[in-house]
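The values are calculated or read from the model by the stated rules, or taken from the named source; none is laboratory data. In this text, all values refer to a predicted model and were calculated from it rather than measured experimentally. Positions of Cβ are backbone-derived with ideal geometry, glycine not excepted, and every protein chain shown enters the neighbour counts.
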Amino acid sequence: MSSGQVKKDVFQMILESNNGAHGKAEAKRADFAFPDNWHEEQLEGQLAVDVAETVNEIVIVSTMAGAEFDKIEVFLHNDLLTIRGARNSPLENNQVGYFHEECFWGKFSRTIILPMEVKGDLAKAEYKNGVLTITVPKLKIDRKIPVMIVED
């Protein structure tokens, strides 16, 4: 860069390219409006999972405190594992005002790609004390196979 050139900030260059307006950009109104109850609509929550391995199997663990056993579904299709369920708030039927609200209540789901091929028909799931543990045997267990070297 020569001494006569001034290094420009990226944001300044963007603003200047906006119809020659130096340092200003016009805010444009969005073509849509949020519904009045946008904050009340509940989307599906994403479930946190741990995926680990033992010598023979893949182990998936997820905490689901408050989930009802009969509302939990686990599906395995090839290398995709999907967990679905729902948690009902113990306060949902009462009119309450929250001081602090962090817990997720409602439907949740999570689909993960398993890190290797598995024997899906031998998968097992256990739900105990609010923790779901899924074990799936590995299809191939890596092992060392000695190869004999033959001299010519």
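Go through the stretch 84-114 and give me each residue that's modelled with pLDDT under 85 and in contact with a Gly (Cβ under 6 Å, 6 or more places away or on another chain). Answer for the stretch 84-114, where residues must be modelled with pLDDT under 85 and in contact with a Gly (Cβ under 6 Å, 6 or more places away or on another chain): just F104. Of the candidates A123, A52, the single residue that is in contact (Cβ under 8 Å) with a residue 12 or more places away in the chain and not β-branched (V, I, T) is A123. Residues in the stretch 65-79 that are more than 18 Å from the chain's Cα centre (by Cα), farther than 23 Å from I113 by Cα and part of a loop (DSSP other than H, G, I, E, B): G66, E68. Screening the stretch 124-149 for residues that are in contact with a helix residue (DSSP H, G or I) (Cβ under 7 Å, 6 or more places away or on another chain) and of a type outside the set (V, I, T) and picking the one that is nearest to S62 (Cα to Cα) gives Y127.
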